[in-house]
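Notes to accompany the following structure.
The values are calculated or read from the model by the stated rules, or taken from the named source; none is laboratory data. Here the structure is a predicted model, which means the values were calculated and not measured. All Cβ positions, even for glycine, are placed from backbone atoms using ideal geometry, and neighbour counts span all protein chains on display. Note: accessible area is taken over every heavy atom of the protein model, side chains too, but ligands, DNA and RNA are not part of it. Shrake-Rupley method; radii C 1.70, N 1.55, O 1.52, S 1.80 Å.
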Amino acid sequence: MAPRVLISDALSPAAVAIFKERGVETDFQPGPARTKTSSPALIGEFDGLAIRSATKVTAKLLECAAKLKVIGRAGIGVDNVDIPAATRKGLS
């Protein structure tokens, strides 16, 4: 089964194509409103999460991320990721 990645912020079409070229199934759902309302319930289905600065990866969101193995942040900094909560889950 191919790994599944939720892309919750706007990424370039080239970035999305890179995932697909490597056999990664992507669900491209950018937008901060989407992330705040639906991602906690949705995130449990994904192996990876690709974000930029709009998505806030909170401890509450991570509690729902049963299958999540990696968070990829396009850009600089990780101030929008709860690093202690991600570390407790063993995420990189």
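Some notes on this structure:
- Shown are T26, T87, T55, whose ranking by accessible area with a 1.4 Å probe and every protein chain present, most to least, is T87, T26, T55.
- Dipole magnitude of the chain about its Cα centre (Cβ charges: Lys, Arg +1; Asp, Glu -1), debye to nearest 20: 120
- The tail of the calculated P(r) for the chain beyond 17 Å holds 43 percent of all Cα-Cα pairs.
- Segment 42-92 - convex hull of alpha carbons, volume per residue in Å³: 67
- Extension reserve of the K67-S53 stretch, reckoned as 0.36 nm per residue once the Cα distance is removed: 2.8 nm
- Residue-averaged 222 nm ellipticity for the chain, from DSSP H runs of 4+ at -39500 (n - 2.57), nearest 500: -7500 deg cm²/dmol
- Ordered from highest to lowest accessible area with the whole protein assembly present and a 1.4 Å probe, R52, R22 read as R22, R52.
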